[in-house]
Amino acid sequence: MASTPGGFAGKVLRVDLSTGRTSTEDTVERYADVLGGTGLGYRVLWDEVPAGTKPFDPANKLVFATGVLAGTSVPCSGRTAITTVFPSCWPRALVGSGHMGGQFAAKLKYAGYDAVILEGRAERPVWLFIRDGRVELRDAARLWGHGIRRATLEISQEMGADCCVAAIGQAGEKLAPLATVVNSLSHSAGGVGGVMGSKNLKAIGVQGSGGVRIAGDMEQWGRLVRFHLSILGANNQHVVPAFPSREAEYYNPGSRWVGEPGRRWGAAEPPVEITGSIRDMNRIAYRTNSAAFFLGERAWKHTVRGNGCTSCPVRCHTTLKVPAVAAKYGVRDTAQGTCIALNFGRFFFPTLPDGPKGQAALEACMLGMIMADDMGIWSNYGQLQRDFIKLFKDGVLKAKLGAAEYAAIPWDKWRAGDPAFLLDLVPRIGERRGELGFVLGEGVGGPFDRWGIAEETWEADHATTYWKMGHPKHHANEDDGQCGVIINTQYNRDAQCHSHTNFVRNGLPLHEQKRLAGEIWGSPDSVDAPGQYTPMNPHKARRAKWALLRKELHDCLGLCNWMGPWVASPLKERGYRGDNSLESRFYSLATGRALDREGLDEAGERVFTLHRALTIRDMGARDMRALHDRVPRWVYEDPKGAQPFTPGAIRMDRADMALAMDQFYALMGWDKDTGAPTREAYARLGLDDVGRELAAKGLVPGGKDGGQG
Amino acid sequence: MKHGKHPPVPDFVAQAAQAAGLETELSRRGFLFLSAGAVASVAALGLCDALAAGRKKAGPPLVILDNARGVLLADPARCVGCLRCELACSEHNDGRAQPSLSRIKVSRALAYGLEGPGQGRHGAWGDGLVVQGVCRQCPHPVPCATACPQNAIVLDPDTGARVVDDAACIGCRLCQRACPWGMLVFDEARQKSSKCFLCHGRPKCVEACPAAALRFVPWRDLTREGPAPLATLSVTPGATACVDCHAPALKAPRPKTTR
Amino acid sequence: MKRAVLVAVRASSRAGRLIGLADVRAAVLALAAESPDGPPDQAELTDERLAGLLAAHPGVAAFASVSGEALYHAPDLLSRTYARILDRRGSPALLMAEEIRANSRDYPRPVPVELFEAEPFGLSRADIEAALKTLAADPECADISFVESSGGAAFLFSERFLPRGYAQFLAERAESLAENP
């Protein structure tokens, strides 16, 4: 047997919770062609979880998997994917992944594992102890019913402060589809907490003293790492600062690069001033302040520092200290978060007394972070909050909650934009209490199934930003025209793809973006300015394909798709170019198995196509175009009646989108009518076993045998 | 010195006891700090022989008197917990990404601070502060160097840093036990100790830190500041213990004046 | 001499300042005072000679100031964009107009009025209001206009480069970024 290539830890841990048996497999022998991460997850689901398996059935599996680059000094390499039959996918649960950062990925690698496959169901609550080669299931009776904070503390007391704990809170224990798994305080994987709860698994504690072997020359490795650092921007790979700077020709007030010299982390002790060059490699951590980006100026004085995943210099989580929330609400004064989770609290309020960046907003966000990440509640990318508002405004809550329950909810606080409202609402959801608490935790499927609301009403309302199958848009036409729409059709939850939006929002002027686009995707016409959309062309399809494949690749390698790909950079001396081959260069050096960009992208395509196959198999249908790759009505409408392809309109055109899907399918080698991969497409990617199985079920285009005779 | 019921006292133990002025204790009570059982197991490990052999090889104990010329300073308020310092140290110096080998220690304080889970205020679950562990490059007497029976901790010629001579290290771990701040690293795979040696004057951790939380500055004595969290094992092997500390004063004391 | 000229420009840029020919000459003489070679020939120090040296140097950028004077900077230390902002700081109306136009033309986008309160513009609310009044009264600046976002924020743009409707869209989009993580 060949020795394990570098990068891989080498083993996959399999835990049968029904029997308590644990075993290991060789990662490379079984999974090298799907790399790791989501690829490994999809392969397990294909091979071992039959169609029709429901999320909370013991037969469902939960696959925590990281990738080859996790645990190394590759910037932005701290990610774990958690793949399963996804609970909030409506009306029929299909394959989906949650994603989390923090310390988990690195710790798992140091313990000697690339992935953990959780099977079956334990009879009683347990937690999984992993320390290097030692794996045990330990009793979790004393942890069950408690939040993630306490579970993490008690497991850390048993294992040591340097362990990493990934745990569910009450929401996951009670099988809420909108439940998370959380590690390292604020790093939450959406949607998968209930599956863990259904298996009676409270937490995984992992600790390891091992390391990741890098096969290639360490000098070369060090140079590539330094090169990667040199082309980094700030969060979401925004490559120009938000402020005019002596050190940059361009700036963008909307950039996430907000760390201007002169600003300070006001709640550090003593405060830390931002000084020096914004290009300094020793000051990358000062560029991003997510709290300041979302909550405005006042966040700076409450900023303790940045935080985030192992190895990442960006620190997109902000640690905030707000003494007022301790006094007013009886919660701790310190919390951290980023992005949608940072905004969990304030998004419940249609209005706040001093606006979206006022004091109430700040306090609501603190409460949201503290409570949601302890009870392990997922916002479904803000759909939870939007649904709550709409259900109230449409009178549904008044109609459907009993009179007593409705009266017990402090609506006056909500109307007043009083953050204290969250002290009532959030535990209802986390503990699944009452009709409201239960239904909200179901996801959009709750109102649809239990309250008889038609999906069409959500699809018609721009304000919901509802997309399909129980989930919202995630960087669609409002950001990126047809490219964004194509991307949003492809998954069974919100797309979680940022490859495209990181580029279009990077802050460079349009002419620079178009020049780079020409080099990367073959034509400047692959990119439009937002709201200046032009009719579909094959270059946009190529960019959409690139975005999807790279996202999948990042999810397989342990890389962060909220930062990568790194195709643009802040460096004027490079013409603002990044490097479109960075992933393959790192992969080759780490593993010792040379793969060029096309080679690694092909692996990404293999993984993405396997996801497609799983979706087709589990839907029992091959007409993806009609049944799966849907676009909600509101995308084709404009509230003011503006026409598609006019300046300032994000409205798309049906015929144009049909053409877009044609071009995308053609590029993927999928059947034009159905959007289903052909036998040839599967075979080309080394998925012939998959193609054969689907063909036998009539799920491949071109007749029962897929036209292969 | 022989004792009826116990195995013979090894020479170096007797000599150490004598140098410390404790030979009467030894004769009365048997071994001072090695119980019979411990000696048996130590003998079984071959450690006694190794120590004895090493002692013969290493000659008189190496006493480091010179101070290092530089030292690392870490600012906890700037630490963002990314662990790039630990990764840089192990990747550069051990050729693999393995923070457990890192000679700068941050992982251990990341979540709950140095006090541990539920015990203190710091770390990500507390007030957010991460207290980095850096080697103080102790002045004389250097605890790790003094503890080493092989004289395997020596001076780096570039920086004066105290550095483990890899070839000489026999993996006895006494240096780990001796460091008041727990800064020694033990590579289980290679069975060798290691410590911060300031990367020949260009510390990799300082280069790697994205928050400028680490500095490399001219050396000063940091050993008197801040609590030393660990009890240390005081070990002085070797026939002639440190003569400077244990010898009587060489000069007559100056008489007290009454004015 | 060539080196001295570069040193003078780079020192100035590093300090965040633009430098004209007179100050270049003064800096060169100051450097020469410490040099064993002694002061350079008067003929070397004419405006024409200095301007020629500066123009020929690839590491030096030049532009015509608001005042008409030639100004120099090292673009790797002080970007062209920033240099022009510095130059216009004495004339708030011009400063705002040119910045608004550049944003509308190059990115394109309208700019939030708060941009001009922050560094390096550093204008007070009163300055901004006065400047906007000046622009409104100046027929040369008829292109400068504003839109108001639904959040009540004012975004400034140039109609020469950005149609009003599109400017409105971009203003709404800018405001929505913090609600569209």
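The values are calculated or read from the model by the stated rules, or taken from the named source; none is laboratory data. Because the structure is predicted, anything quoted here is derived from the model rather than measured. Reconstructed Cβ throughout: ideal geometry from the backbone, glycine too, with neighbour counts over all protein chains shown.
Against the list (1) part of a loop (DSSP other than H, G, I, E, B); (2) surrounded by 21 or more Cβ atoms within 10 Å (Cβ to Cβ); (3) within 12 Å of chain B (Cβ to nearest Cβ); (4) out of contact with any strand residue (DSSP E or B) (no Cβ under 7 Å at 6 or more places or on another chain), the condition residue A:225 fails is (1). Criterion applied to B:190, B:224, B:215 was being under 20 Å from residue B:64 (Cα atoms) and outside any helix (DSSP H, G or I), and the one residue passing it is B:224. Among the candidates A:4, A:38, the residue that is surrounded by 23 or more Cβ atoms within 10 Å (Cβ to Cβ), touching a residue at least 24 places away in the same chain (Cβ under 8 Å) and out of contact with any Leu (no Cβ under 7 Å at 6 or more places or on another chain) is uniquely A:38.
Test each condition in (1) under 30 Å from residue C:109 (Cβ atoms); (2) small (Gly, Ala, Ser); (3) assigned to a loop (DSSP other than H, G, I, E, B) for residue A:702 and report the one that comes out false. Unmet for residue A:702, out of (1) under 30 Å from residue C:109 (Cβ atoms); (2) small (Gly, Ala, Ser); (3) assigned to a loop (DSSP other than H, G, I, E, B): (1).
Screening the candidates A:279, A:315, A:283 for the property of being modelled with pLDDT of 95 or more and under 18 Å from residue A:186 (Cα atoms) yields one hit, A:315.
Here residue B:217 does not qualify as modelled with pLDDT of 95 or more, farther than 20 Å from residue B:106 by Cβ, touching a strand residue (DSSP E or B) at 6+ places or on another chain (Cβ under 9 Å) and among the aliphatic types (A, V, I, L, M). Close Cβ contacts (under 7 Å, 6 or more residues apart or on different chains) running from residues in region A:498-518 that are at the interface with chain C (Cβ under 10 Å from one of its Cβ atoms) to residues that are surrounded by fewer than 22 Cβ atoms within 10 Å (Cβ to Cβ) and in a loop (DSSP other than H, G, I, E, B) comprise A:510/A:529; A:510/C:108.
In region B:78-125, the residue that is farthest from residue A:335 (Cα to Cα) out of those that are among the basic types (Lys, Arg) and touching a helix residue (DSSP H, G or I) at 6+ places or on another chain (Cβ under 9 Å) is B:96.
The single condition among (1) surrounded by fewer than 24 Cβ atoms within 10 Å (Cβ to Cβ); (2) within 22 Å of the chain's Cα centre (by Cα); (3) closer than 28 Å to residue A:225 by Cβ that residue A:132 does not meet is (2). In region C:140-150, the condition of being in contact (Cβ under 8 Å) with a residue 12 or more places away in the chain, within 12 Å of another protein chain (Cβ to nearest Cβ) and aromatic (Phe, Trp, Tyr) is met by no residue. The residues on offer are C:147, C:111, C:66, and the sole one that is among the β-branched types (Val, Ile, Thr), in the same structural domain as residue C:20 (by TED's automatic domain parsing) and either at pLDDT below 95 or on the phi < 0 side of the Ramachandran plot (or both) is C:66. Does residue A:264 satisfy being over 30 Å from residue C:105 (Cβ atoms) and more than 9 Å from chain B (Cβ to nearest Cβ)? Yes; evaluated as a whole, the condition is true for this residue.
All told, residue B:85 meets the bar of being over 19 Å from the mean Cα position of the chain (by Cα), within 14 Å of chain A (Cβ to nearest Cβ) and not in a loop (DSSP other than H, G, I, E, B). Residue count for region A:134-157 under the criterion of being more than 9 Å from chain B (Cβ to nearest Cβ) and either of a type in the set (Ser, Thr, Tyr) or under 17 Å from residue A:111 (Cα atoms) (or both): the result is 4.
Of the residues A:621, A:590, A:626, which is under 25 Å from residue A:556 (Cβ atoms), small (Gly, Ala, Ser) and modelled with pLDDT of 95 or more? Matching residue, one of A:621, A:590, A:626: A:590. Only residues that are assigned to a helix (DSSP H, G or I) and either buried (at least 19 other Cβ atoms within 10 Å of the Cβ) or in contact with a Ser or Thr (Cβ under 9 Å, 6 or more places away or on another chain) (or both): list them for region C:58-87, please. Hits for region C:58-87 are C:81, C:82, C:83, C:84, C:85, C:86, C:87. Within region C:103-128, the set of residues being exposed (fewer than 13 other Cβ atoms within 10 Å of the Cβ), among the charged types (D, E, K, R) and more than 14 Å from chain A (Cβ to nearest Cβ) comprises just one member, C:125. Considering only residues in region B:190-204 that are more than 20 Å from the chain's Cα centre (by Cα) and either free of Cβ contacts under 8 Å to residues at least 40 places away in the same chain or at negative phi (or both), the one that is farthest from the other protein chains (Cβ to nearest Cβ) turns out to be B:202.
Considering only residues in region B:92-141 that are more than 12 Å from every other protein chain (Cβ to nearest Cβ) and at pLDDT below 95, the one that is nearest to residue B:66 (Cα to Cα) turns out to be B:140.
One residue stands out among those in region A:397-413 that are under 19 Å from residue A:350 (Cα atoms) and out of contact with any helix residue (DSSP H, G or I) (no Cβ under 7 Å at 6 or more places or on another chain): the one that is surrounded by the most Cβ atoms within 10 Å (Cβ to Cβ), which is A:411.
Residue by residue, here is whether (1) without any contact (Cβ under 8 Å) to a residue 60 or more places away in the chain; (2) more than 22 Å from residue A:311 (Cβ to Cβ) holds:
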site	(1), (2)
B:150	no, yes
B:183	no, yes
B:206	no, no
B:221	no, yes
B:231	yes, yes
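Of the numbered criteria (1) touching a Ser or Thr at 6+ places or on another chain (Cβ under 8 Å); (2) in a loop (DSSP other than H, G, I, E, B); (3) of a type in the set (D, E, K, R), the one residue B:115 fails is (1). Could you tell me whether residue B:178 is under 14 Å from the mean Cα position of the chain (by Cα), closer than 27 Å to residue A:132 by Cα and either at the interface with chain A (Cβ under 9 Å from one of its Cβ atoms) or of a type in the set (A, V, I, L, M) (or both)? In short, yes. For first residues located in region C:155-181 and crowded, with 17+ Cβ neighbours inside 10 Å, partners that are acidic (Asp, Glu) and assigned to a loop (DSSP other than H, G, I, E, B) and lie 6+ apart or on another chain with Cβ distances below 7 Å form the pairs C:158/C:143.
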